[in-house]
Amino acid sequence: MTTTTETYGVDPTPTPLALLLLGREADPNSERGVECPGDLPAASDPDLVERARAAKEKLGDRVFILGHHYQRDEVIEFADVTGDSFKLARDAAARPEAEYIVFCGVHFMAESADILTSSAQQVVLPDLAAGCSMADMATAEQVAECWDVLTEAGIADVTVPVSYMNSSADIKAFTGKHGGTICTSSNAQRALEWAYEQGSKVLFLPDQHLGRNTAVRDMGFSLDDCVLYNPHKPNGGLTVEQLRDAKMILWRGHCSVHGRFSLDSVNDVRARIPGVTVLVHPECKHEVVSAADMVGSTEYIIKALDAAEPGSKWAIGTELNLVRRLAKAHPDKEIVFLDRAVCFCSTMNRIDLPHLVWALESLVDGRVPNVITVDPETEKYAKAALDRMLALP
């Protein structure tokens, strides 16, 4: 049988599941909330490229465009800087002369940029529908109820909240108000080590997989040390004894893209490509991380492939836009997407060139669209949590 790039490379063959329209159906074999929107829309009108260039040129230093790694190439082309969510927010804060920060990412990222930038700057999200399913899996009301459960169990005073960067400003504020810190996928272990110096338990929000993988894979905890708090069940679906015995209380949340990768995906790619190195993001399920050769953040993945030997073979378990971009940047290496099914981050891909052009042309005309503003009280406590992370050794 002859293999093809379309079947096994960075452009996997779309399956019936992959072609489902977002929200119409769900994959019954996946975690709750994991959906796959299929391939991207057709390329944008070429005229939009010139319009984007013209608008950006007119705005000059007044605008600073941030592009997350998972964005389409047509958007990344106009980004002043690229990176993960926290790097981009810090990059924005380092450009106080820019009146407008256009964040090509998702809502929680734009909130973080607003928290870290000055009051004289305005953060614009080109499409307000660009949210994050993981961040939406933990609401302020649900987390407050969880804290009440921990209080009634007599463990709130020894529990330190640690929230992933991929969370809303409300959740970051809850974390700051209760003495906790924020973490990224790069510094999760350092954040947890700090938290266990403050208390004997951690409430990890909102990504269960990053919390579990860090505790078990990196810190030597057992799976029995971790319990899963389900906000849709009374008391999180846990007994008082389970809560008191646990060291890690994991929130039942996950990334809808990384949650699609399975142990079958790893086994399948190893069978197809002898000698392949499997490199995955720590938002993947524990069994996937355990079966992989290397595990790391988006920045780690990029650096690993930059340093890889020519001729080496890699299967990457992260968002497909980035995997495609890495394969294009490293033609001397064989780089494939870990899963056979096409699956982009649907909400991230709402920021397309038409939305970016509309946002930039609006700014040229003196209108500031889709401004993301965090209220002062929320900003105060969210920034306290972020500052604790920045102070980590």
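The values are calculated or read from the model by the stated rules, or taken from the named source; none is laboratory data. Owing to the predicted nature of the structure, the values given are computational and were not obtained by experimental measurement. Cβ: placed from backbone, ideal geometry, glycine included. Neighbour counts: every protein chain shown. Heads up: the accessible areas ignore ligands, DNA and RNA and are worked out on the full protein's heavy atoms, side chains in. Shrake-Rupley method; radii C 1.70, N 1.55, O 1.52, S 1.80 Å.
So between THR373 and ASP61, what do we pick up on full extension, going 0.36 nm a residue minus the alpha carbon distance?
Full extension of this stretch gives 110.2 nm more.
How many Å² of accessible area per residue for segment 99-202, probe 1.4 Å?
Here the per-residue accessible area is 32 Å².
Using only the alpha-carbon atoms of the chain as identical scatterers, what base-10 log of I(q)/I(0) does the Debye formula give at q = 0.09, 0.10 Å⁻¹?
-0.54, -0.66
Among the aspartates and glutamates, which have Cα under 20 Å from the Cα of LYS201 when same-chain residues fewer than 8 positions away are ignored?
GLU145, ASP148, GLU152, ASP157, GLU193, ASP218, ASP224, ASP225, GLU241, ASP245
Please list log₁₀ I(q)/I(0) at q = 0.10, 0.16, 0.18 Å⁻¹ for segment 117-225, using the Debye equation with identical point scatterers on the alpha-carbon positions.
Evaluating at q = 0.10, 0.16, 0.18 Å⁻¹ gives log10 I(q)/I(0) of -0.32, -0.76, -0.93.
Pop the C-beta distance of ARG95 and VAL158 into the FRET formula with R0 = 45 Å and round what comes out to the nearest 0.05.
E between ARG95 and VAL158, to the nearest 0.05, is 0.65.
Excluding same-chain residues fewer than 8 positions from LYS58, which lysines have a Cα within less than 28 Å of its Cα?
LYS87
For the pair HIS232 and ASP80, how long in nm is the line joining their label points, each one 7 Å along Cα→Cβ?
The answer from the label model is 4.2 nm.
Report the normalised scattering of segment 205-256 as log10 I(q)/I(0) at q = 0.23, 0.30 Å⁻¹, calculated by the Debye formula with identical scatterers on the alpha carbons.
Summing over Cα pairs of segment 205-256 leads to -0.83, -1.16.
Suppose we flag trypsin sites (Lys or Arg not before Pro) only when DSSP calls them loop and at most 15 other Cβ atoms lie within 10 Å. Which is the longest uninterrupted stretch of the chain?
So the longest stretch without any such site is 33-366.
Just to confirm the filter: which GluC sites (Glu not before Pro) across segment 215-292 are DSSP coil and have at most 15 other Cβ within 10 angstrom of their Cβ?
Of the GluC sites (Glu not before Pro), not one in the loops of segment 215-292 has a Cβ with at most 15 other Cβ atoms within 10 Å.
With a 1.4 Å probe and every protein chain left in place, work out the accessible area per residue of segment 238-322 in Å², rounded to a whole number.
About 36 Å² of surface per residue is accessible.
Which net charge results when you count Lys and Arg as +1 and Asp and Glu as -1 among the other residues whose beta-carbon is under 10 Å from that of ALA315?
-1
Karplus couplings for segment 205-214 from phi (6.51 cos²θ - 1.76 cosθ + 1.60, θ = phi - 60°), rounded to Hz, Gly and Pro as x?
Once θ is set to phi - 60°, the couplings for segment 205-214 become 10, x, 9, 4, 6, 4, x, 5, 5, 5 Hz.
Subtract the Cα-Cα distance of ASP268 and ARG350 from 0.36 nm times their separation in residues, and report this length gain in nm to one decimal.
Full extension from ASP268 to ARG350 adds 26.4 nm.
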